[in-house]
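Enquirer: Structure provided below as structure tokens; questions to follow.
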Amino acid sequence: MRPVRGSIRRFRSSWETFTFLDRNANRDVALAWKDSIYERGMVKILACELRDLEQSWEYFQRRDLHKLSAVDATSFVIMKRARIRLAFTFDHHFSVVGFRLVA
């Protein structure tokens, strides 16, 4: 993977990607993936603030977000705060709340 240059900003919950690889491949693959993105500086960690957690509860009021995870709801809030519009995910919840999916 190459870092994206220019004005495109990328975000993906590294916890969810790690979990996906751990469950669908194995732990060694997941750890190798984690090491590769952190070594190359491909990710920027966006801190979760208390206000993000508080705002994430609003998503659980929505009937169109069946089986929403707390990680996803918090990701929505952080991504909107950071003005991130693209989500590198297969999770349909991101498109339901207005993000463009790149999967």
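Enquirer: Would a scan of the range 48-55 turn up a residue that is open to solvent by less than 60 Å² (accessible area, probe 1.4 Å) and of a type outside the set (Asp, Glu)?
Expert: Within the range 48-55 (the criterion being open to solvent by less than 60 Å² (accessible area, probe 1.4 Å) and of a type outside the set (Asp, Glu)), the answer is no, since none of the residues qualifies.
Enquirer: Since LYS80 meets every condition but one in (1) over 14 Å from the mean Cα position of the chain (by Cα); (2) surrounded by fewer than 17 Cβ atoms within 10 Å (Cβ to Cβ), which condition does it not meet?
Expert: (1)
Enquirer: Another question, then. Checking PHE20 against (1) modelled with pLDDT of 80 or more; (2) assigned to a loop (DSSP other than H, G, I, E, B): exactly one of these is not met. Which one?
Expert: (2)
Enquirer: Here's something else I'd like to know. Do the conditions hold for ASP64, that is, is it closer than 18 Å to THR17 by Cβ and out of contact with any strand residue (DSSP E or B) (no Cβ under 9 Å at 6 or more places or on another chain)?
Expert: no
Enquirer: On the given criteria, is PHE94 touching a strand residue (DSSP E or B) at 6+ places or on another chain (Cβ under 7 Å), crowded, with 20+ Cβ neighbours inside 10 Å and either assigned to a loop (DSSP other than H, G, I, E, B) or not polar (S, T, N, Q) (or both)?
Expert: Yes, satisfied.
Enquirer: Of everything in the range 18-36, what is surrounded by fewer than 11 Cβ atoms within 10 Å (Cβ to Cβ) and either among the hydroxyl-bearing types (Ser, Thr, Tyr) or under 17 Å from THR89 (Cα atoms) (or both)? Give them in sequence order.
Expert: Result: ARG23, ASN24.
Enquirer: Quick one: in the range 67-77, which of the residues that are under 15 Å from PHE20 (Cβ atoms) and not β-branched (Val, Ile, Thr) is most open to solvent (accessible area, probe 1.4 Å)?
Expert: Once the filter is applied, the top-ranked residue is SER69.
Enquirer: Right, another one. How many residues does the range 38-80 hold that are assigned to a loop (DSSP other than H, G, I, E, B) and aliphatic (A, V, I, L, M)?
Expert: Final tally of qualifying residues: 7.
Enquirer: Being aliphatic (A, V, I, L, M) and modelled with pLDDT of 95 or more narrows it down to one of VAL71, VAL77, so name that one.
Expert: Every option except VAL77 fails the conditions.
The values are calculated or read from the model by the stated rules, or taken from the named source; none is laboratory data. Please read all numbers here as calculations on a predicted model, not as lab measurements. Here the Cβ is made from the backbone with ideal geometry for all residues, glycine too, and neighbour counts use every protein chain on show. Surface accessibility is based on the protein's heavy atoms, side chains included, excluding ligands, DNA and RNA. Shrake-Rupley method; radii C 1.70, N 1.55, O 1.52, S 1.80 Å.
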